[in-house]
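Undergrad: Have a look at this one before I ask anything.
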Amino acid sequence: MSKSLKTILVLAASMLLIGAVNQQNSNGLFKNSGDIGNPKLKGIFEYNPDSKVYTLTGGGTNMWMNSDEFFMAWKQMTGDFAISARVVFDGEGVNAHRKIGVIIRESLTGESKYADVALHGDGLTSLQYRDTTGGITREVTAKSVGCKYLTLERTGRKITMKVSNSGFSTISAGEIELDLPATCYAGIFICSHDADVLEKAFFTDVQLQSSPKSTGDTKD
């Protein structure tokens with residue numbers, strides 16, 4: 001192999017590596033983002049690698065009943081894990097039922113089985129889930145309201161909600177049993193609850209951990 005060819009190959013490999021690093025930096029912890037259920041207004045994902053702030057802008061009619069419309073950023077995770085984030089809406093918003101939070105889904109279809117920990121526009125904080133594909137959404141409501149620190153933890157079939165107003169909690173605020181495949185989509189989401197409206201939210205202190213660890217000892 002000639003010296004010039006070696007130089008070209010080294011440069012090509014370096015460019016591929018730089019591209020991979022830039023792609024990782026542009027998405028943070030997540031592999032990709034996109035709309036679920038084909039909302040009328042398309043969502044936008046932004047990540048600031050310096051501040052580590054994720055900004056989601058999204059629409060969608062709802063995440064309820066038999067199917068969902070919303071926007072999310074995700075990464076496929078296998079086995080037991082926990083996803084946590086501090087979530088804040090941008091502004092007063094339009095619909096009191098708009099929601100943001102952390103989520104796990106069997107697939108990226110609107111009818112997928114899923115569970116999420118959601119903060120609603122009116123302060124309701126809850127664990128929402130669909131236990132059969134295309135089935136009815138159910139809900140476990142947290143006692144605390146307006147919780148900005150959200151954690152969803154998966155351990156086998158058990159899905160646990162942990163929420164707080166003042167730092168990540170290690171105390172369960174609700175649990176369900178849910179059959180999901182070993183590898184699922186985990187991420188952060190936003191739903192405007194209005195087909196003609198885009199809402200925006202900020203996600204900070206985002207953590208995505210295999211083999212769940214304590215995220216603090218704060219409780220309400």
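The values are calculated or read from the model by the stated rules, or taken from the named source; none is laboratory data. Everything numeric in this text was worked out from a predicted model, so none of it was measured. Positions of Cβ are generated from backbone atoms using ideal geometry, with glycine treated the same way; all protein chains shown enter the neighbour counts. Please note that ligands, DNA and RNA were not included when accessible areas were found on the heavy atoms of the full protein model with its side chains. Shrake-Rupley method; radii C 1.70, N 1.55, O 1.52, S 1.80 Å.
Undergrad: Looking at the range 189-197, is at least one residue surrounded by fewer than 18 Cβ atoms within 10 Å (Cβ to Cβ) and among the polar types (S, T, N, Q)?
TA: No; the residues of the range 189-197 include none that is surrounded by fewer than 18 Cβ atoms within 10 Å (Cβ to Cβ) and among the polar types (S, T, N, Q).
Undergrad: Now, a different point. From Ala182, Ala142, which residue is out of contact with any Pro (no Cβ under 9 Å at 6 or more places or on another chain) and either surrounded by 15 or more Cβ atoms within 10 Å (Cβ to Cβ) or on the phi > 0 side of the Ramachandran plot (or both)?
TA: After ruling out the rest, the residue left standing is Ala142.
Undergrad: What number of residues in the range 145-164 are within 25 Å of Thr183 (Cβ to Cβ), touching a residue at least 60 places away in the same chain (Cβ under 8 Å) and either open to solvent by less than 20 Å² (accessible area, probe 1.4 Å) or not in a strand (DSSP E or B) (or both)?
TA: 5
Undergrad: In addition: So, of the residues in the range 165-179 that are of a type in the set (A, V, I, L, M, F, W, C) and more than 21 Å from Thr109 (Cα to Cα), which turns out to be surrounded by the fewest Cβ atoms within 10 Å (Cβ to Cβ)?
TA: Applying the filter and picking the extreme gives Ile171.
Undergrad: Considering the range 111-134 alone, what residues qualify as being in a loop (DSSP other than H, G, I, E, B) and either open to solvent by 10 Å² or more (accessible area, probe 1.4 Å) or free of Cβ contacts under 8 Å to residues at least 12 places away in the same chain (or both)?
TA: Glu111, Lys113, Gly121, Asp122, Gly123, Leu124, Asp131, Thr132, Thr133, Gly134
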